[in-house]
Amino acid sequence: MNGNSAQLAACHIADLHAQADAHRLALAARPPRELRTRLGWTLVELGLRLAATGPQPAVA
């Protein structure tokens, strides 16, 4: 990735983190939701963590 692509990806990841944080705060303010919603956002958070670590080098 060149500098601009890396910067755009970092901005996109930061935006997704902000959305997940906002959702988490909104969720805490209301009664529990259905399982599918919680599972979906858990998967989003897992994807964000994986994206933040970056690609791992392949072991030959």
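Residues in the range 5-60 that are open to solvent by 70 Å² or more (accessible area, probe 1.4 Å) and β-branched (V, I, T): T42, T53, V59.
Results for (1) of a type in the set (D, E); (2) at negative phi; (3) without any contact (Cβ under 8 Å) to a residue 40 or more places away in the chain, shown as yes or no for each residue.
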{"position": "N4", "(1), (2), (3)": "no, yes, yes"}
{"position": "L8", "(1), (2), (3)": "no, yes, yes"}
{"position": "I13", "(1), (2), (3)": "no, yes, yes"}
{"position": "L16", "(1), (2), (3)": "no, yes, yes"}
{"position": "L27", "(1), (2), (3)": "no, yes, yes"}
{"position": "R36", "(1), (2), (3)": "no, yes, yes"}
{"position": "E45", "(1), (2), (3)": "yes, yes, yes"}
{"position": "G54", "(1), (2), (3)": "no, no, yes"}
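If you go through the range 1-40 and keep only what is in a helix (DSSP H, G or I) and polar (S, T, N, Q), you end up with N4, S5, Q7, Q19, T37.
The values are calculated or read from the model by the stated rules, or taken from the named source; none is laboratory data. Values in this document were obtained by computation on a predicted structure and should not be read as measured data. Every residue, glycine among them, receives a Cβ derived from its backbone with ideal geometry; neighbour counts consider all protein chains shown. For accessibility, only protein heavy atoms count, side chains too; no ligands or nucleic acids. Shrake-Rupley method; radii C 1.70, N 1.55, O 1.52, S 1.80 Å.
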